[in-house]
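Please read the structure below before turning to the comments.
The values are calculated or read from the model by the stated rules, or taken from the named source; none is laboratory data. Please read all numbers here as calculations on a predicted model, not as lab measurements. Cβ coordinates were reconstructed from backbone atoms using ideal geometry, including for glycine residues, and neighbour counts include every protein chain displayed.
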Amino acid sequence: MGAIYEVMSHQIDVAMAETIDGDLLAAIAQFIPQLSSSAAVPDVEQLREILACPCTTLLLARNAERRIVGMLTLVTFRIPTGVRARIEDVVVDSQSRSAGVGQALTGKALEIALSRRARTVDLTSDPKRGAASRLYQKLGFKLRETNVYRYSP
């Protein structure tokens, strides 16, 4: 169930990851260090758990040569106030940045979240990533006035 996006004269295919293969393992190994210097690359069993979880959707962006050039994780969940969604772990291959890959991934994530009747879709982005912030605002995201807290045991 992929979607082909024509962005900036590049063809980007965005689809849900459904199987674990060498391409996915290589992409994950390449992308996780770009997301976090302290996070471990998930092993095959952890990837199986991610793909099997009904609340988690791993989206992959592939270029015209079918190479994985980006990924995004969409998390949807029901709480007493309704269905909510979060976009997490967005990363685009350094050679494919500014080519519309992030836009294609985020657009597909929003389509899926809305199809699941999410009332809101939240994400966080490093304020130093100006291009990402401009993209999210262009796509309709609004900066929230809130405090974000994290507990790390």
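Numbers below:
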{"read-out": "Candidates ILE12, ILE20 - the one that is among the β-branched types (Val, Ile, Thr), surrounded by 15 or more Cβ atoms within 10 Å (Cβ to Cβ) and part of a strand (DSSP E or B)", "value": "ILE12"}
{"read-out": "Meets criteria (crowded, with 18+ Cβ neighbours inside 10 Å, part of a loop (DSSP other than H, G, I, E, B) and not acidic (Asp, Glu)) for ALA109", "value": "no"}
{"read-out": "Verdict on ALA52 being at negative phi and surrounded by fewer than 11 Cβ atoms within 10 Å (Cβ to Cβ)", "value": "yes"}
{"read-out": "Total residues in region 14-56, condition of a type in the set (Asp, Glu) and in contact with a helix residue (DSSP H, G or I) (Cβ under 9 Å, 6 or more places away or on another chain)", "value": "1"}
{"read-out": "Qualifying residue in region 115-136 (condition: out of contact with any strand residue (DSSP E or B) (no Cβ under 7 Å at 6 or more places or on another chain) and under 16 Å from ALA15 (Cα atoms))", "value": "yes"}
{"read-out": "Single unsatisfied condition, ASP126 versus (1) surrounded by 10 or more Cβ atoms within 10 Å (Cβ to Cβ); (2) without any contact (Cβ under 8 Å) to a residue 12 or more places away in the chain", "value": "(1)"}
{"read-out": "Qualifying positions in region 87-101 - buried (at least 19 other Cβ atoms within 10 Å of the Cβ) and either basic (Lys, Arg) or more than 16 Å from LEU59 (Cβ to Cβ) (or both)", "value": "ALA99"}
{"read-out": "Options ILE12, ILE68: the member that is closer than 16 Å to GLN95 by Cβ and in contact (Cβ under 8 Å) with a residue 60 or more places away in the chain", "value": "ILE12"}
{"read-out": "Unmet requirement for GLY2, which otherwise passes all of (1) at pLDDT below 90; (2) farther than 13 Å from ALA61 by Cβ", "value": "(2)"}
{"read-out": "Checklist (1) surrounded by 11 or more Cβ atoms within 10 Å (Cβ to Cβ); (2) assigned to a loop (DSSP other than H, G, I, E, B); (3) among the hydrophobic types (A, V, I, L, M, F, W, C); (4) touching a residue at least 24 places away in the same chain (Cβ under 8 Å) applied to VAL148, failing item", "value": "(1)"}
